[in-house]
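Before any comments, here is the structure.
FYI, it's all coordinate maths here, none of it is from the lab. A quick note: this is a predicted structure, and the numbers were derived from the prediction, not measured. Glycine also receives a Cβ, built like all others from the backbone with ideal geometry; neighbour counts cover every protein chain displayed.
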Amino acid sequence: MQSMNETNPKQESLNPYEIVKEQIDIAANILQLPKNIIEILKRPKRVLTVNYPVKLDDGTIEVFEGYRSQHNDALGPLKGGIRFHPDVTLDEVKALSMWMTFKCGVVGLPYGGGKGGVIADPRNYSLAERERMSRGFMEAIADFVGPDKDIPAPDVYTNAQVMGWMMDTYSKLKGTYSPGVITGKPLSIGGSLGRSEATARGCVITIKEALKELNMPIKHATIAIQGFGNAGRVAARLLSDLGCKVVAISDSRGGIYHSTGLDIGAAIECKSTGCVTDYASPEKYITSEELLELDVDVLIPAAMENVITSSNARRVKAKIIAEAANGPCTPEADRVLNDKGTLIIPDVLGNAGGVTVSYFEWVQNLSHFYWTEKEVNDRLYEKMITAYEEVRSIADKYSVDRRTAAFMVSMLKIAEAMEDRGWV
Ligand code: NAD
């Protein structure tokens, strides 16, 4: 029999800002936090909207709309990526900045959450246009960011090169070389070893812990990954190196499946010049939605928000869902999956490796002293394991799911900082 929500999925809010507020309420109520603390946590402190002109190659001008949301800086400067995507909305950017606050809290970083977004599909523009689009956005937000204020990073459809252009624009505007204003930069201008792999590496650390917890061997564990960008592609490679069978992957154009495991090296080759469906002779082609419902040990959503909702949660068969993407499961989906006993590694933990190594990059920039890749990876491992254990122990103590536990771990730290600063 279908549930009410399954027959009438319209009742479910897919607005990420509403979703994060609900997640805050759930955790704050268990902790019995004072109302004024909850009210502060449920709103970004500052939100900037910009409209900026970019000259296109044919001489015409296009005006782009973008946002920077700064949620809560009780624990330190704000930190969070910049996304270029046609579906960016102000509410999405606000929600993403709030998830960043809780993510930084979970892994114990001295940061609050920020996030930026520009409504644009960079795939439709030339390299030169993308450079002007990137520099233009940094020019528009330059007074709101800074190494001790708000430190952006890459996110969907932005990368190290975009960060390099933005750092250069900021440095020129301020008249001082400022690598600490942004992370995820190329190595030659203050990037950190290990940063490009960090989100996936952190996610894989949590997957290994979850498999151990469920007494499931890592070798031959079956994996499906939705999204084959920075997070998904690297996770596929690391897991296949560990002996897992990555049976399905997808990108925005569709997906592929092979029951004995895909050749990830070959898939990465295909993606570097086109899309994953260019892969030679998979067992079958699948849609990105079908991928979510495969009978696998671990499902990794590594693309966009709201892909698992009340409409499909019942059909998701994975034993572990490791959220590399931000916000892939709605609260309704969470309820269904938790009832089924699915172990969800929530985004604020599962993809926290990225911001953790961004923090290491910033520390290196401020101290002008650079670490080896082993130092970066060892410190990342330590942070991820500590956070995983902390979340697990709160989940056990209060008999709550891991997302609620992760929010609780974080909220306690933020609430203490707000109290110590005299905000409440
Ligand atoms: P990316 O731009 O490198 O890759 C995004 C991938 O998703 C691409 O392969 C694209 O084809 C695919 N995609 C887009 N729409 C899709 C759809 N409907 N179905 C299947 N695939 C689709 O982005 P990324 O940096 O890998 O980010 C992916 C997710 O991970 C986002 O939610 C992001 O917020 C999150 N994240 C990224 C980082 C990071 O360091 N890059 C850190 C934390 C969280």
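Below is a table of values for the structure above.
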{"read-out": "Any hit, the range 18-28, residues being in a loop (DSSP other than H, G, I, E, B) and either touching a strand residue (DSSP E or B) at 6+ places or on another chain (Cβ under 8 Å) or among the polar types (S, T, N, Q) (or both)", "value": "no"}
{"read-out": "Hits in the range 399-424 - residues which are among the aromatic types (Phe, Trp, Tyr) and surrounded by fewer than 18 Cβ atoms within 10 Å (Cβ to Cβ)", "value": "Trp423"}
{"read-out": "Residues of the range 217-259 that turn out to be among the small types (Gly, Ala, Ser), in contact (Cβ under 8 Å) with a residue 60 or more places away in the chain, surrounded by fewer than 24 Cβ atoms within 10 Å (Cβ to Cβ) and more than 9 Å from the ligand (Cβ to nearest atom), as a count", "value": "1"}
{"read-out": "Residue list for the range 49-90, restricted to those being charged (D, E, K, R), surrounded by 17 or more Cβ atoms within 10 Å (Cβ to Cβ) and within 16 Å of the ligand (Cβ to nearest atom)", "value": "Arg68, Lys79, Arg83"}
{"read-out": "Within the range 197-206, tally of residues that are touching a strand residue (DSSP E or B) at 6+ places or on another chain (Cβ under 8 Å) and near the ligand (Cβ under 10 Å from one of its atoms)", "value": "1"}
{"read-out": "Count of residues meeting criterion [assigned to a strand (DSSP E or B) and surrounded by fewer than 19 Cβ atoms within 10 Å (Cβ to Cβ)] in the range 311-333", "value": "0"}
{"read-out": "Candidate set: the range 281-310, residues that are over 23 Å from Ala95 (Cα atoms) and within 10 Å of the ligand (Cβ to nearest atom); chosen: the one surrounded by the fewest Cβ atoms within 10 Å (Cβ to Cβ)", "value": "Thr287"}
{"read-out": "Single residue of Ser240, Ser259, Ser281 found to be small (Gly, Ala, Ser) and under 28 Å from Ala160 (Cα atoms)", "value": "Ser240"}
{"read-out": "Pairs where the first residue, in the range 145-163, is within 17 Å of Ile189 (Cβ to Cβ) and assigned to a loop (DSSP other than H, G, I, E, B) and the second is within 16 Å of the ligand (Cβ to nearest atom) and not aliphatic (A, V, I, L, M), C-beta under 6 Å, 6+ apart", "value": "Thr158/Phe84"}
{"read-out": "From the options Gly194, Gly227, Gly232, residue that is on the phi > 0 side of the Ramachandran plot, touching a strand residue (DSSP E or B) at 6+ places or on another chain (Cβ under 9 Å) and of a type in the set (Gly, Ala, Ser)", "value": "Gly227"}
{"read-out": "Subset of the range 144-161 (residues that are over 18 Å from Pro77 (Cα atoms) and either in contact with a helix residue (DSSP H, G or I) (Cβ under 8 Å, 6 or more places away or on another chain) or buried (at least 17 other Cβ atoms within 10 Å of the Cβ) (or both))", "value": "Asp155, Val156, Tyr157, Thr158, Asn159, Ala160"}
{"read-out": "The range 162-188: number of residues that are surrounded by 22 or more Cβ atoms within 10 Å (Cβ to Cβ) and among the polar types (S, T, N, Q)", "value": "1"}
{"read-out": "Subset of the range 68-126 [in a strand (DSSP E or B), of a type in the set (A, V, I, L, M) and in contact (Cβ under 8 Å) with a residue 60 or more places away in the chain]", "value": "Leu78, Ile82"}
{"read-out": "Matching residues, the range 334-392, being aromatic (Phe, Trp, Tyr) and either surrounded by fewer than 17 Cβ atoms within 10 Å (Cβ to Cβ) or touching a Pro at 6+ places or on another chain (Cβ under 6 Å) (or both)", "value": "Phe369, Tyr370, Tyr381"}
{"read-out": "Qualifying positions in the range 311-359 - farther than 27 Å from Pro86 by Cα and either among the hydroxyl-bearing types (Ser, Thr, Tyr) or near the ligand (Cβ under 9 Å from one of its atoms) (or both)", "value": "Thr342, Thr356, Val357, Tyr359"}
